[in-house]
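Working notes for the structure below.
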Amino acid sequence: MAFSMNTRKRTILVPWDFSEKAEFAVAHARNVAQVTGNTITLLHIVKEESEIQDASVRLHLSAGELEQKYHVKPEFKVLKGNIFKTIGEAATDLNAEIIIMGTHGIKGMQKFLGSWALKVIVKAKVPFIVVQAPPSSDAYKNVVFPINYRKESKEKIRWSSFLSYYYHCKFHLFLQHVSDRGLKTMLHNNVTFTRKYLDNNNIEYEVAEAPGKDDFATETIEYARQVNADMILIITSRSIIFTGFVLGADEQKILANSARIPVMCVNPRPGKLAGGFSATGC
């Protein structure tokens, strides 16, 4: 197994804004913590130092209520900063394994909120699980793994080991439909790499190809719905810009999917593309 355990105690970071969506994230974090042994840390961000004391009191009360409801005692932290930088910085400082964040679907002003979520995600060095609803089950057993022709697509493969280690899940490899010969070759290379990695690590999977009648994000969401997916595993683009988020990048569409399926979102590692990986390790 290429995935290796880190002996240092790690936490699941949950950005907390006292909303229903944030509580959905806590419910997911509780389920993950039960199998990983991670702690849970609620993070609330304020703009001014003068707000920290009042926010800490409110957060202490919220943590107590959540402990009674979910039978897990979350730690909590209030930091001065801005959401776009501070969440990622806190994840590093607190040794977070993952960040689980609640967000909204795309409609009206919620379209902007989806963009907000993506802008926060690309600032972090650890994966996000983005949720829109409470957990539908206790475990992520069926995971859709979209594969396109981009070389960054390979980088999320190491997180299949993380999910498989804890959940023994089945991966549904969903291949983008491409007609260009060069892109087909790139896609084939990514699929070969992924299948070899999963085979070498005895991870269960099946393969399906997108019909190519709609954009890949839309077809991924529909396929996830058909296989009753518990999660979709995606990777962000290196060069995406904020205006692109608002206009509907593939990542945003999947994050805010109408099926409200949780999405694990991995960022490419700085300075190292997946082409440098071997199929038996990271």
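The table for this structure:
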item	result
Residues satisfying the stated conditions in the range 245-262, i.e. of a type in the set (S, T, N, Q), at pLDDT 80 or above and crowded, with 18+ Cβ neighbours inside 10 Å	N257
Some residue of the range 202-222 being more than 27 Å from A256 (Cβ to Cβ), in the same structural domain as E155 (by TED's automatic domain parsing) and not aliphatic (A, V, I, L, M)	yes
Which listed residue, of H172, H168, is under 21 Å from the mean Cα position of the chain (by Cα) and at positive phi	H168
Residues of the range 203-238 classified as assigned to a loop (DSSP other than H, G, I, E, B), of a type outside the set (D, E) and free of Cβ contacts under 8 Å to residues at least 60 places away in the same chain, total	5
Unmet criterion (only one of (1) within 23 Å of Q252 (Cβ to Cβ); (2) crowded, with 18+ Cβ neighbours inside 10 Å) for A133	(2)
Wholly enclosed strands (runs of 3 or more DSSP E) of the range 125-192 bearing at least 2 residues of a type in the set (V, I, T) and in contact (Cβ under 8 Å) with a residue 40 or more places away in the chain	128-131, 142-147
Count of the range 144-192 residues which are surrounded by fewer than 16 Cβ atoms within 10 Å (Cβ to Cβ) and of a type in the set (S, T, Y)	3
Residue under evaluation L198, criteria (1) closer than 22 Å to E219 by Cα; (2) surrounded by fewer than 22 Cβ atoms within 10 Å (Cβ to Cβ); (3) touching a residue at least 12 places away in the same chain (Cβ under 8 Å), criterion not met	(1)
Enumeration of residues in the range 138-158 that are under 18 Å from I98 (Cβ atoms) and either among the basic types (K, R) or at pLDDT below 90 (or both)	K141, E155, K156, I157, R158
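The values are calculated or read from the model by the stated rules, or taken from the named source; none is laboratory data. Computed from a predicted structure; not experimentally measured. So basically every Cβ, Gly included, is an ideal-geometry build from the backbone, and we count neighbours across all protein chains shown.
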